[in-house]
Every structure is written in C-alpha cells, then in structure tokens.
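Some notes on the structure that comes next.
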Ligand code: SF4
C-alpha cells in the first residue's frame, strides 16, 4: 500500500531541505515531490533497489569476507588515512572517528582550509533563519551553485516576500539566473585576496582610483562598500570558488578580518558553502570528539592537530600513507587531482552507498543511506543539525554499523 510521507529531509546537498513529500510502498520510493531536480535524483539514485555487492579487488564476495579483508589490510597498515564523510550522517562520522582512534589513523575533512583559517581568526556566523529574517545585504562570493539553487532562494524568501534586500554576486562566473541579483562583480579567483584588501581600504575611507590593479573594477568595489555602509545586516556566503588553491585559508582569514571590521558599525556574518553535493557535519563531529575540526592524527594514542603535516591531500602526495579508508558517497570529489593520482599507489577500502569508477578499490563494502534507509541526523549549511528519517527498508548495513563492526573486530585483535 502506498504511504505518503510529508516534510521529509533531503541530504542531497548542504541546504538539507525538510519539505520534501515522498511516496513509498515500504520497500521502494514511488514518487518524490520537490522542485529540486538534484534532490529528486538523490532520492531516486539511492532509493533504487538494485543490490550493491561487496567486492575484493573487483570480485564479488560475501559481506563478512569483505569486512575481514578490510580488517586484514588495516592490520598490515602502518600509516592509515580516513577520508571522505562529506555526505555522511553524524552516526557515521562518529564511527569514523572511533575507527581512526582505534587504529592510530589520520582523519581529515574537505573543510580543512576553512578550519585552518577559523582556528586563527574565529568565525562570526548565523543561522539561515537569521539570514531570512534580518539580512538586508547578501553577498554570494564564489557560491553560484547556492545562489541559483531554487530551494535556497525559497528558504530565504519564505514569509518575507516584502523584505527589502540586496543580492550581490561575486566571482568569475555570471550566475545562471541573474533576475534576483542586484549587482554582479567579476573577480578572478586568484585576485580574491587583493579584492578583500581593497574593500578594507575603501571601508577605512582610502580613495583608490580606477585603473589600480585591485583584482576587480574599483567602481564596482566602491559601489559594494556603499551598499555595505547602507545596510544593517550583511551576510557573506563564500563557496568552493572562493576556497580554491593552497592559500585559500589565507583568503578565508582575510574575509573574517573584513567581516570583523564591518561589525564595528553593523552586523555582518559569514557562512561557508561546501561543494555542490557535499553536506556539512564531519568537522562538527570531529571538533566535539577530538577538539579539532580537521587534520587530526591519532598515531600517538591521542588526537593531535597539524594543518600541514596531517592534511589528507599532502599526506597522499608525499607518499606518507599506505592505506586509505574512504567513507561515504563521492569521497574523491573534494580531493585534489594530484592526490587522486597518488591514491592508486596505496591500498584502498571504501565504505559507502556507491562504488567509485575512477579507482580500483581493494575492498568495497556497500551501505544503505541515512535519510532513505536509516534515521539519523545531518548538519545544514549553517551548522544546524536536522533529523533524517528511514523511508524504505534495505538488506545493507549503515556506514556507522560497518565502521563499528570493523572497529570491534580490531579491538579483539589489536593492531
Ligand atoms: S536543494 Fe539540496 S537539500 Fe534541497 S532538495 Fe535540492 S538537493 Fe535536496
């Protein structure tokens, strides 16, 4: 019998919308009611009933054999790395930290550069509810995917259609839907730092002249500063394009300093936007479990944080790991191309709901999905945790169950 479930939470991206209507027959998702094609694809992709099978070196094996092979590889490893979790639930993230602790691994997240900057200068942030209710100037910097996301726009507009608000887009691309954008400012990614410094100068009353190499048009920057000075509550959404390059933590630090200076006269906050289909959460779980939100190493028997030594990309590129445990859907999406190339030279285990075509894994252990097969919780873009529901049944275990099983076996036979 068809069962209609209202107000379902979607974990298909960092927006974590909780207004989806799903129809199921208990074993399959029959219908997804949402305006978002990405959300519909997420439910349809992971709600399908095609069986995923455990693999060892591409051969189909039983679940217990795959788990045992994972345990054996971990036993052989002297320098394991745990990476991914960009679409994982809180339970899964917690289990990944538990495994890292048990085996003395390094565990890192795609939010590493963000964390590195915020450890230095702190973060002034807010919830989407505050943005919706109070922000009269919203600046999307390198966050086009969020700016053009209909669900995000609806969230900000809900109940506040008449709220006077200015929207500014900054970045290399012109947003696909510019009808709601009041001003677009072209900024090449490599000029981010200069633009922030010029904005700081203009806010302090320094007069720059058109033609100076500010990384963007001086008149555009003057107009932006004028908008900032006319506004009461400003929010910067800074996205993947803003965070490119190995010095991105410096640019995030610079933005935080700019925000601090704006806050002298008015309210101003930032919200970090992850890549398109990633969610947030692992950095929160790592922080409350270890005291550090990224780049954590357990080799000494307790958590240590070093942003360069324990950066996943750099560890892989320096050849300082011999095993990588990948967790969750699309774990390679936030790894640099160079790191992905080096990953082929070490043993790899994937625990997640979809196999990876671009990497010959040593072990693949398929899992069900939180929000489709299992209840759980996940963090929204603004750091608000939201509950996920189990909608249909599966024979597969969850990521947390698989990681916890591996950890339990390792506890009985210590590394
Ligand atoms: S915007 Fe993101 S969370 Fe919302 S429905 Fe689309 S994919 Fe799901």
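Rundown of residues vs (1) within 16 Å of the ligand (Cβ to nearest atom); (2) touching a helix residue (DSSP H, G or I) at 6+ places or on another chain (Cβ under 7 Å); (3) touching a residue at least 12 places away in the same chain (Cβ under 8 Å), yes/no style:
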position: 213; (1), (2), (3): no, no, yes
position: 220; (1), (2), (3): no, no, yes
position: 254; (1), (2), (3): no, yes, yes
position: 264; (1), (2), (3): no, no, no
position: 268; (1), (2), (3): no, yes, yes
position: 281; (1), (2), (3): yes, yes, yes
Only one residue in 47, 12, 58 is over 16 Å from residue 87 (Cβ atoms) and either surrounded by 14 or more Cβ atoms within 10 Å (Cβ to Cβ) or more than 8 Å from the ligand (Cβ to nearest atom) (or both). Which one?
58
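For the structure I just gave you, tell me whether residue 335 is closer than 20 Å to residue 294 by Cβ, touching a residue at least 24 places away in the same chain (Cβ under 8 Å) and in contact with a helix residue (DSSP H, G or I) (Cβ under 9 Å, 6 or more places away or on another chain).
Answer is yes for this residue.
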Does any residue of segment 30-44 turn out to be closer than 24 Å to residue 333 by Cβ and more than 16 Å from the ligand (Cβ to nearest atom)?
no
Selection within segment 354-372 - part of a loop (DSSP other than H, G, I, E, B) and surrounded by fewer than 24 Cβ atoms within 10 Å (Cβ to Cβ):
354, 355, 356, 357, 358, 359, 360, 361, 362, 368
Being surrounded by 22 or more Cβ atoms within 10 Å (Cβ to Cβ) and in a strand (DSSP E or B) narrows it down to one residue among 378, 406; which is it?
378
Where residues in segment 19-29 are surrounded by 14 or more Cβ atoms within 10 Å (Cβ to Cβ) and within 15 Å of the ligand (Cβ to nearest atom), which of them is farthest from residue 239 (Cα to Cα)?
29
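Filter segment 98-125 down to residues that are in a helix (DSSP H, G or I) and closer than 30 Å to residue 236 by Cβ, then give me how many there are.
10
Every read-out reported here was derived from the displayed coordinates using simple, explicitly stated rules and does not represent laboratory data. All figures in this text were calculated on a predicted structure; none of them were measured in a lab. Note that we place each Cβ from the backbone using ideal geometry, even for glycine, and neighbour counts take in every protein chain shown.
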